[in-house]
1. Considering region 25-39 alone, what residues qualify as being of a type in the set (S, T, N, Q) and loosely packed, with under 14 Cβ neighbours inside 10 Å?
2. Within region 50-70, can one find any residue that is surrounded by 12 or more Cβ atoms within 10 Å (Cβ to Cβ), more than 20 Å from the chain's Cα centre (by Cα) and not basic (Lys, Arg)?
3. When you go through (1) in a helix (DSSP H, G or I); (2) surrounded by 13 or more Cβ atoms within 10 Å (Cβ to Cβ); (3) aromatic (Phe, Trp, Tyr) one by one for Trp42, which number turns out not to apply?
Amino acid sequence: MTTTQTAPVIPSVHIRALLTWVAIFPLVALGMVLITPVSVDWHPVLRAFVMTLFIVPLAVYVIMPRLLALYVRAATRRRA
């Protein structure tokens, strides 16, 4: 039985930076819109703390794996 393995597609640091920005920017923009009505009087550091409590886990565990999977699928299709 022969198995054919291909080298994993590892995005460059530039692609990872772009994908991270694509994940983070919309989350921050949406977070700012959603949190502003209740956080007008908050200190900016508290506002940033509360936003990052939601944005970082969402980006790391939900958005980034999907973006990386899309990139790998596209890169694999390009290789073939």
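1. Across region 25-39, the qualifying residue is only Thr36.
2. no
3. Looking at each condition in turn, Trp42 falls short on (1).
Any read-out appearing in this document is the output of simple, stated calculations on the displayed coordinates, not a laboratory observation. From a predicted model like this one, the values you see are computed outputs, not experimental measurements. Heads up, the Cβs are rebuilt from the backbone with ideal geometry, glycines too, and the neighbour counts pull from every protein chain shown.
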